[in-house]
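Novice: Before I ask anything, let me first share the structure, which is written out below as structure tokens.
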Amino acid sequence: MTEDTGTPVAPPPPPARKSNAWLIALVVILVLCCCCVGTIGLIIAFGPDILNELGIYVLAPALAAVI
């Protein structure tokens, strides 16, 4: 038999929290897609101007053809 000493029994530890790996992956993919779309938009808007400022005049018509 056990003897009751009056000390409280320690509560059980809380269950381990699982990280939502699929949620983290979804957020990372969403951020990467937004960055790609933003970069493409900036290239379309300012690409020829940037190439002209850098002195690369040969690639400006190629970029215009791609756009």
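Please treat every number below as a calculation from the coordinates, not as lab data. All values reported here derive from a predicted model rather than from experimental measurement. For neighbour counting, all protein chains shown are included, and Cβ atoms are generated from backbone atoms with ideal geometry for every residue, glycine included.
Novice: For the chain, take the longest principal axis of its alpha carbons; what is the angle in degrees between that and the long axis of helix 21-54, to the nearest 10 within 0 to 90?
Specialist: Helix 21-54 sits roughly 20 degrees off the main axis of the chain.
Novice: Moving on to the next point. How high is the FRET efficiency from residue 36 to residue 56, r the C-beta distance, R0 35 Å, rounded to 0.05?
Specialist: 0.95
Novice: Using Cα springs under 10 Å in a Gaussian network model of the chain, which residue among 55, 47, 38 shows the largest mean-square fluctuation?
Specialist: 55
Novice: For semi-axes √(5λ) of the Cα gyration tensor in Å, pick the label among (1) 19, 17, 12; (2) 65, 11, 7; (3) 23, 12, 10 that corresponds to the value derived from the coordinates.
Specialist: Given (1) 19, 17, 12; (2) 65, 11, 7; (3) 23, 12, 10, the structure-derived one carries the label (2).
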